[in-house]
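Just below is one structure, and these are the notes that go with it.
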Amino acid sequence: MICLQCNHNNPATIGYCQRCGAKMDFTADQIEAALVEKKKGEVVASTEYYAKQALTFGAVLFLVAISLFFLAGGAPEDAYAVPAASLEGKHVEMEYVFETEMPLQLVPLSDPKK
């Protein structure tokens, strides 16, 4: 028989727990109430654990988003700076051009293997 207070496995023939000395002669209502209270405690502990994990993940995600926001806003939109390899070299400025329209390419519809 398992003690409801300390979870020690006792022989079924004894009246008191061998570890903590608690009374082992319980009614069904007492056993049910003890098990319900134990389960409530486990649910509370589990909920706290997962809430802390979610809060930590949210904080890390927020910090990464803020960092990326500031890093993305620092570069000008029309030019990129490439650092020089030497300490006394200057940065190379490159212009970024984005062409949205592609020229039409004619593709033959016949099979070239014939």
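Laboratory data are not the source of any read-out in this text; all were calculated from the coordinates shown. All values reported here derive from a predicted model rather than from experimental measurement. Counting neighbours? That spans all protein chains shown, and the Cβs are built from the backbone with ideal geometry, glycine included.
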Multiplying the sequence separation of PHE26 and LEU68 by 0.36 nm and subtracting their Cα-Cα distance, what value in nm do you get? 9.0 nm
Burial ranking of peptide ranges 49-60, 95-106 (average Cβ count within 10 Å, highest at the top): 49-60, 95-106
